[in-house]
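Right, one structure below, let's go through it.
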Amino acid sequence: MIDSQEPSTNCPDFKELASSIVSPIREPVLIVREDGEILAANESFCSEFSIQSISLVGNNIFSFSKGLWAQCGLREYLKTLWDQPDPKVKQNLYLPTVDQNYIPVWINGNPLNFYNEEPKLCLLSFEIIGDQWNGEIDYRKLLNEVLSEAPAMMCILRGPEHIFELANEKYFQLVGNREIIGKTVREVLPEVEGQGLLEILNDVYHSGKAYIGKEFSVDLADGKELKNSLLDFVYQPIKDSSGNVEGIFVHAIDVSEKVLNRRALENSEKELRNVIDTVPVIVWLTNPEGQGVFFNKNWYSYTGQTYEDSRGHGWMTAVHPDDRDQVKKNFLDANQKQKEFSLAYRLRTKSEKYRWVIDRGRPKFASNGDFQGYIGSVLDVHEDKIKEQIIKEKEHRTRSIVEEATVATGVYVGEDMRIEFANDAMLELWGKERSVIGKPLEEALPELEGQPFHGLLQEVFHTGKTYWGKEDRVDLERNGQLQTGFFNFTYKPLRDGEGKIYGILNMALDVTEMVESRNLLREREQHFRLMADLMPEKVLNTDAKGRAVYFNQNWLEFTGKTSEELKLVDWKKLVHPEEQKEFARKWEASISTGHGFEMELRLRDREGKYLWHLSRAEAVKEEAGEILMWIGTNTEIQRLKEEEKRKGDFLKMVSHELKTPVTSIKGYVQLLLNILRKEEDQPASTLPIKPSLERIDNQIVRLTRLISEMLDLSRLEEHQLELQKEIFCVNDLVVQTVQDIQLTNTQHKIEIFHSYRSRVNADKDRIGQVLINFVTNAIKYSPESQYIEIHVLQPEEGKIAVSVRDKGIGIDVRDQKNIFKRFYRIGRESEDTYSGFGIGLYLADEIIERHKGQIIVKSEKGKGSDFSFILSEYSPNKQYDE
Ligand code: ADP
């Protein structure tokens with residue numbers, strides 16, 4: 001502490017004086033006060049009595065070393081010493097050493113009457129008996145010895161003029177080695193005149209009272225110049241046996257340096273105090289007992305306290321009542337341990353408000369290591385503290401939000417990615433217990449080894465660039481099983497106040513389900529496309545609004561365009577102009593209602609040809625009913641359409657074909673009836689009945705054929721055409737059939753060539769029917785030529801063929817296959833030119849096929865045709881299927 005203490009009542013100068021007196025003396029000596037306190041002991045004393053000087057000085061002669069010398073003999077001797085003015089007696093005593101060895105000594109006491117006032121001092125010298133005791137110590141000799149050896153400046157002045165009688169070396173040095181002995185002070189030290197010293201000397205001499213000067217400033221000549229010294233000194237009157245003053249003992253110590261140092265210290269302390277007062281913080285000091293002894297101005301202006309309020313522990317009354325006990329406890333605790341402390345508490349301000357402060361104290365130690373109390377500072381941190389509180393609250397809040405958040409969140413710190421924090425969602429995602437917190441990630445999730453995440457984390461940690469994982473695959477050991485998941489996540493660097501990266505924030509979202517379902521969808525879509533591509537239909541996929549997104553392979557092949565071209569060129573334009581309007585209307589209606597679409601329409605193919613399609617589209621809907629997309633199919637129905645047309649044509653023809661013979665039969669019957677009615681009297685033979693009946697018969701044959709063909713057709717469709725097989729000779733059948741035909745077709749010449757003869761096992765009537773069809777067609781389609789050839793031949797071993805050749809209109813190669821189709825007739829300008837139903841060859845083909853035979857057409861347009869059928873010959877050895 002800076003405040004200087006009052007000087008102790010034990011004037012330190014006595015001790016200093018006493019020790020300076022005893023230390024040079026060779027005999028064991030002590031200086032004791034009247035009350036028994038030992039002021040000084042010399043080395044010799046300590047060694048003779050084996051006592052350490054520290055247990056002596058300051059202690060009582062009767063109580064040091066547990067009252068080692070508290071014996072009556074010594075007490076009585078000292079008592080007589082004080083009572084007699086000039087005792088000079090010595091006494092024989094047994095005195096113990098520390099190890100309790102009593103040794104006989106002569107004790108000789110000489111009062112030191114330096115000071116007339118209390119306390120009285122006495123120089124005790126001891127002579128260990130055993131050595132030769134050569135009388136009493138000569139006080140003057142002793143004094144001389146003392147004076148010459150003492151570190152202090154000493155001299156003895158005699159008489160009222162203060163004549164130097166004696167002076168030691170130090171004193172000579174002080175006065176610049178002037179010749180002073182036998183001369184008065186005024187004489188040899190003229191410069192002291194006017195400095196007050198002579199007056200004091202006179203005063204001491206006349207009053208007989210000692211004078212103690214402290215830090216007395218004296219200017220003494222040192223060569224030519226005056227040198228200033230600061231002296232602590234004692235002017236002790238020397239009295240004769242009757243008490244009259246005969247001189248003055250001067251004992252002085254140069255304290256210049258000490259004082260200057262102290263003043264400098266005081267000045268620097270003053271400065272320090274100024275500094276302390278002007279620094280913008282509160283500064284305080286305590287003494288070793290922990291009592292406040294100094295507070296700078298800031299303290300008073302901050303708290304409004306006075307020094308009286310604050311001193312001791314008074315400053316604590318300004319501490320918030322809620323914080324006070326804790327502060328007191330912590331402060332006293334620190335004080336006791338002499339340890340540095342820092343306390344945060346609320347301190348009452350002048351305006352009676354409490355503000356947060358931080359009070360720091362640091363123990364002060366003297367150079368010898370003694371604890372001197374604390375120096376401390378108080379800093380107002382109210383705003384910061386409040387902020388800190390808010391931040392803490394916020395942090396707490398965000399922490400709890402994060403902790404409860406469904407987004408998996410983790411914080412890893414340091415290069416080893418120690419898990420500092422992981423919320424429940426993250427732990428669940430990992431499939432790990434809470435105990436992983438605090439462990440490095442590598443240790444907590446060893447299954448990540450070999451996956452890219454450690455590398456990514458290190459990269460983020462070192463580059464500071466956030467990493468966004470999108471549907472990244474992560475294999476995690478969840479609850480003991482390695483599972484694959486997909487995650488959207490971030491690795492975000494965390495920076496401290498200085499911008500240095502200290503960790504990584506990881507937030508992750510499990511998107512496994514989404515990715516898996518999308519993969520499934522993709523797979524399904526692939527399946528769908530694969531299927532769609534395999535489908536014979538043209539499959540089209542549009543979005544909910546009808547915009548095309550996908551065309552299958554058939555579409556592309558049909559149109560000769562790529563998918564992109566089809567999307568670009570509106571595929572709807574491929575619809576035949578005649579159906580376009582209806583198509584647009586129906587398609588739009590479907591899109592707006594979600595109802596299925598169905599329509600027959602023509603679509604243009606890669607060659608620009610329109611082909612009939614059955615176009616259908618169905619909406620694919622979500623569970624909620626919302627349309628996701630449309631899937632459309634276009635099935636080619638060109639053949640169906642054509643057949644339908646042929647059917648229509650057939651019906652037209654059938655009615656025509658039926659009408660013609662019936663009308664003509666009706667006509668002839670009418671004619672015959674009229675003739676009969678008119679010519680009732682005439683004999684029938686004279687009437688022209690025969691030709692009419694022949695015509696009627698002809699027409700009936702036609703009708704019968706027509707009806708049986710239709711019957712066959714329906715049987716064929718119902719799979720009821722059954723073969724009645726028999727073994728017959730093909731050549732005979734040909735002859736017979738031609739004979740029958742020739743009955744009604746007299747104009748044509750039919751010639752048969754039998755280049756081979758054989759039998760077959762077949763349905764004779766059906767084969768006959770085929771032959772009739774071939775021959776009647778040859779007749780029908782060769783209006784210009786009347787010659788028909790029929791060849792029976794062997795096309796190869798085991799086979800027999802019947803070939804019907806005409807020189808008629810012939811058949812275009814293109815049509816040669818089609819003529820075997822149902823209702824197919826070669827379109828000619830006039831449909832009526834050649835009557836027929838387009839089923840003859842269809843039936844013929846079916847019949848021959850059922851006989852496992854073959855029909856061969858050779859024809860050239862305008863030149864004629866050759867229709868032949870080939871059957872297997874009958875061989876008795878051969879096994880027949882049926
Ligand atoms: P249709 O009753 O019309 O004769 P078919 O099935 O017997 O029916 O014959 C089918 C078509 O084949 C005929 O319409 C005709 O155009 C053609 N055709 C058949 N035979 C001959 C032939 N010998 N010469 C030319 N065209 C023929």
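Every number here is computed from the coordinates shown, using simple stated rules; none is lab data. Predicted model, so just to flag it, every value in this text is computed and none were measured. Cβ sites come from the backbone with ideal geometry, for glycine too, and all protein chains shown count toward neighbours.
List the GluC sites (Glu not before Pro) in region 421-516 that DSSP assigns to loop (not H, G, I, E or B) and whose Cβ has at most 13 other Cβ atoms within 10 Å. Which are they?
Counting only loop positions with at most 13 other Cβ atoms within 10 Å, the GluC sites (Glu not before Pro) in region 421-516 are 433, 449, 498.
What share of the DSSP beta bridges in the chain is antiparallel, in percent to the nearest 5?
95
Just list whichever of 573/817; 647/690; 339/387; 645/725 have alpha carbons separated by over 32 Å in the model shown.
573/817; 647/690; 645/725
Starting from the Cα of residue 807, draw a straight line to each of the aspartates and glutamates and keep only those under 16 Å, dropping any in the same chain fewer than 8 residues away.
Those aspartates and glutamates meeting the cut-off are 751, 784, 789, 860, 866.
For a label point 7 angstrom out from the Cα of residue 852 toward its Cβ, which stretches of region 768-807 have the backbone nitrogen within less than 14 Å?
Zone members listed by number: 798-800.
Straight-line reach only, C-alpha to C-alpha below 12 angstrom: list the aspartates and glutamates that residue 364 could link to, leaving out same-chain residues fewer than 8 apart.
Of all the aspartates and glutamates, those that pass the test against residue 364 - Cα under 12 Å, at least 8 places apart if same chain - are 340.
Can you find, among 436, 338, 820, the residue farthest towards the positive end of the dipole of the chain? Put +1 on the C-beta of Lys and Arg, -1 on that of Asp and Glu.
820
Could you work out the relative contact order of the chain? I mean the mean sequence separation of Cα pairs under 8 Å and 6+ apart, divided by the number of residues, in percent.
4
Below 8 Å, C-alpha to C-alpha, sequence gap of six or more: please give me the relative contact order for region 16-70 in percent.
It comes to 27 percent, rounded to a whole number.
Kindly give the semi-axes, whole Å and largest first, of the ellipsoid equivalent to region 448-542, taking each as the square root of 5 times a Cα gyration tensor eigenvalue.
Over the Cα atoms of region 448-542, the semi-axes work out to 41, 16, 10 Å.
Set the bar at 32 Å for Cα to Cα. Now go through 567/821; 561/586; 392/492; 465/567; 641/666; 492/567 and name every pair that lies beyond it.
From the list (567/821; 561/586; 392/492; 465/567; 641/666; 492/567), the Cα-Cα distance tops 32 Å for 567/821; 465/567; 641/666; 492/567.
For the chain, what does -39500 (n - 2.57) per DSSP helix run (n ≥ 4), summed and divided by total residues, give at 222 nm, in deg cm²/dmol to the nearest 500?
-12000 deg cm²/dmol
Roughly speaking, what is the stretch gain from residue 214 to residue 544, that is 0.36 nm per residue apart minus the C-alpha to C-alpha distance, in nm to one decimal?
My answer for the length gained is 107.3 nm.
With a cut-off of at most 16 other beta carbons within 10 Å, and DSSP calling the residue loop, which trypsin sites (Lys or Arg not before Pro) in region 291-377 qualify? Please list them.
For trypsin sites (Lys or Arg not before Pro) across region 291-377 that sit outside H, G, I, E and B with at most 16 neighbouring Cβ atoms in 10 Å, the list reads 311, 339, 350, 353.
Rounded to whole Å and ordered largest first, report the semi-axes of the equivalent ellipsoid of region 621-682 derived from its Cα gyration tensor (root of 5λ).
Each semi-axis is √(5λ); the values are 64, 13, 4 Å.
How about region 487-583: which trypsin sites (Lys or Arg not before Pro) there are in a DSSP loop, with at most 11 other Cβ atoms within 10 Å of their Cβ?
For trypsin sites (Lys or Arg not before Pro) across region 487-583 that sit outside H, G, I, E and B with at most 11 neighbouring Cβ atoms in 10 Å, the list reads 500, 545, 547.
Among the lysines, select those whose C-alpha is under 24 Å from the C-alpha of residue 239, and discard any that sit fewer than 8 residues away in the same chain.
15, 79, 88, 90, 120, 141, 183, 209, 214
Can you bin region 258-351 into rounded, prolate or oblate? Criterion: square roots of the alpha carbon gyration tensor eigenvalues sorted a ≥ b ≥ c, rounded for a/c under 1.5, prolate for a/b above b/c, oblate for the rest.
Verdict is oblate for region 258-351.
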